[in-house]
Amino acid sequence: MTSIILLSVFGIINLFLGFLRSNKLLLPLVMLALLVVFGVNLLDWNQGSPLFYNMLVVDNYLVAFTGIVVLTALVLIPFSRSYVKTGEPNLAEYYSLLLFSLVGAIMMIGYDHLIMLFVGIEILSISMYVLAGSDKRNVRSNEAALKYFLMGAFATGILLFGMALLYGATGTFHVSAIGTAVAEPANASLLPMLHIGILLMIIGLGFKVSAAPFHFWTPDVYEGTPTFFTAFMSTVVKTAGFAAFLKLLAQALPAAQGFWMPTIVAMCALTLLLGNIGAASQTSAKRMLAYSSVSHAGYLLIGLVGTNGQLFGSPAASGIFFYSLSYSIATVLSFGVLKLVGDQRGREDYAGLNGLAKQNPLLAFALTVSMLSLAGIPLTGGFFGKFFIFAAAVEHGAIGLVVFAVVMSMVSIYYYLKPVIAMYLQPADETSAPIEVDGVQRLTLIVLALLTIALGTIAPMFMSGLL
């Protein structure tokens with residue numbers, strides 16, 4: 001609760017600071033605000049309490065996933081320095097929208113009432129619609145915002161209809177009460193209404209996390225959105241979406257697992273297939289990362305398959321947490337390098353990375369570490385993220401799905417090595433100059449790269465008793 005209040009207050013204060021027209025002041029203040037929120041959030045560990053008439057619950061689950069989204073925003077902010085240098089007149093508004101969107105993400109993670117889930121989704125989504133179209137002079141950015149808004153509006157309508165049917169079948173919006181009503185249905189004639197409501201909610205949430213076949217907006221929106229906001233969208237939104245998804249299935253609908261499990265398995269397999277095939281066929285590094293984000297939604301869906309009706313002490317919950325953390329760090333690292341290259345070379349394709357290892361060894365090393373982690377190579381956080389997800393699914397009996405996911409992981413190595421090959425084996429364009437990286441960005445890249453490696457070496461200890 002304190003995190004929500006602080007983020008809201010800081011967001012409003014930041015809007016007023018925008019009148020000073022001093023972008024150099026905004027960036028450190030926003031980073032300080034996020035650092036304070038991150039620290040305050042940790043104080044709620046083991047301090048579980050319901051709020052707003054049990055509509056929101058502050059527990060370790062909320063604290064853990066809130067830590068991921070706030071940390072992601074904190075390490076992403078340094079890569080917005082290009083907006084500071086160019087004197088972007090709307091920078092204060094952009095930062096405030098990011099802070100407000102974090103409020104929505106926290107509501108999505110900690111909801112215990114479906115209306116709170118809806119409010120959180122809308123706060124997060126509306127902020128993203130605006131930021132997707134923030135580059136108003138760019139036709140692709142305008143197109144991305146329009147597509148995202150229209151598709152998001154339809155998905156929200158489907159989600160709301162599903163909530164209404166779920167309420168009609170159970171008589172409540174509270175997550176725990178829904179779980180009880182589904183386990184002991186008072187009227188068997190309402191089961192069709194319940195099942196349709198579950199399917200519609202899965203569709204609505206599937207759109208938010210870019211799961212196939214509701215992913216078609218993702219490549220165009222990610223490509224058209226300014227790279228800085230794309231990184232935020234592909235990490236914070238996905239983490240909050242899967243935290244909400246897991247809570248819905250594990251606490252509200254465990255008794256209906258026999259009904260929704262085949263749907264989740266089918267979505268998972270289709271997401272892995274389309275995401276990896278789509279990524280392998282791209283020539284743009286940014287668009288490849290967009291399809292890559294779709295494929296990682298498939299891996300996280302495997303965690304949902306492994307849920308056993310528990311959030312605490314559940315291998316699925318711990319696996320989704322660790323995967324979200326390692327994926328977010330590696331994704332911020334990759335998009336951070338891509339933004340620096342795109343800002344100064346004006347290219348987002350693989351050719352724009354040619355010869356980067358000789359001109360900027362740090363950028364090449366950071367991007368290599370992120371690619372290896374996203375591919376799930378050992379000694380990186382991505383490897384253990386997949387390992388924990390797969391282990392939870394195998395324990396649940398989904399061996400065939402895990403084998404298919406392993407094959408798709410092998411396919412992903414092909415396209416994740418493309419940027420590495422371009423950086424180390426291709427000659428640089430004679431007209432391309434070394435990429436300028438300031439001290440804060442350099443420190444952020446080093447910390448993220450080392451953290452990715454650390455998560456791949458101390459993961460077993462890190463996971464012990466976490467959730």
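The values are calculated or read from the model by the stated rules, or taken from the named source; none is laboratory data. Keep in mind the model is a prediction, meaning the values are calculated, not measured. Here Cβ is always computed from backbone atoms with ideal geometry, including for glycine, and neighbour counts include all displayed protein chains.
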**Request:** Would you kindly identify the helices (runs of 4 or more DSSP H) lying entirely within the range 14-107 that contain at least 1 residues that are under 23 Å from Ile320 (Cα atoms) and in contact with a helix residue (DSSP H, G or I) (Cβ under 7 Å, 6 or more places away or on another chain)?
**Result:** 23-42, 60-76
**Failed item, numbered, when Gly39 is tested on (1) small (Gly, Ala, Ser); (2) within 21 Å of Leu448 (Cα to Cα); (3) touching a residue at least 12 places away in the same chain (Cβ under 8 Å)** = (3)
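Yes or no, residue by residue, for (1) buried (at least 16 other Cβ atoms within 10 Å of the Cβ); (2) out of contact with any Gly (no Cβ under 7 Å at 6 or more places or on another chain); (3) touching a residue at least 60 places away in the same chain (Cβ under 8 Å):
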| residue | (1), (2), (3) |
| --- | --- |
| Ile12 | no, yes, yes |
| Leu17 | yes, yes, yes |
| Leu35 | no, yes, no |
| Thr66 | yes, yes, yes |
| Pro78 | yes, yes, yes |
| Arg81 | yes, yes, yes |
| Thr86 | no, yes, no |
| Pro89 | no, yes, yes |
| Val103 | yes, yes, yes |
**Fill in**
Filter the range 316-363 for residues that are assigned to a helix (DSSP H, G or I) and of a type in the set (Lys, Arg); the one that is surrounded by the most Cβ atoms within 10 Å (Cβ to Cβ) is Lys339
**Identity of the residue in the range 327-373, touching a Gly at 6+ places or on another chain (Cβ under 7 Å) and at pLDDT 95 or above, that ends up farthest from Thr86 (Cα to Cα)** = Ser373
**Request:** Count, please, the residues in the range 408-462 that happen to be farther than 22 Å from Tyr299 by Cα, of a type outside the set (Ser, Thr, Tyr) and part of a loop (DSSP other than H, G, I, E, B).
**Result:** 11
**Prompt:** Of the residues that sit in the range 433-460 and are among the β-branched types (Val, Ile, Thr) and touching a Pro at 6+ places or on another chain (Cβ under 8 Å), which one is surrounded by the fewest Cβ atoms within 10 Å (Cβ to Cβ)?
**Reply:** Val440
**Item:** Qualifying positions in the range 396-407 - in a helix (DSSP H, G or I) and either of a type in the set (S, T, N, Q) or over 20 Å from the mean Cα position of the chain (by Cα) (or both)
**Value:** Ile399, Gly400, Leu401, Val402, Val403, Phe404, Val406, Val407
**Request:** Residues being outside any helix (DSSP H, G or I) and crowded, with 19+ Cβ neighbours inside 10 Å: count how many of those fall in the range 364-395.
**Result:** 2
**Prompt:** If we scan the range 17-30, do we find a residue that is within 18 Å of Leu71 (Cβ to Cβ) and of a type in the set (Phe, Trp, Tyr)?
**Reply:** no
**Message:** So in the range 411-432, with the set limited to residues that are of a type outside the set (Val, Ile, Thr) and loosely packed, with under 12 Cβ neighbours inside 10 Å, which one is nearest to Gly306 (Cα to Cα)?
**Reply:** Leu425
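Taking the condition among the acidic types (Asp, Glu), out of contact with any strand residue (DSSP E or B) (no Cβ under 9 Å at 6 or more places or on another chain) and more than 20 Å from Thr263 (Cα to Cα), does Asp343 pass?
Yes.
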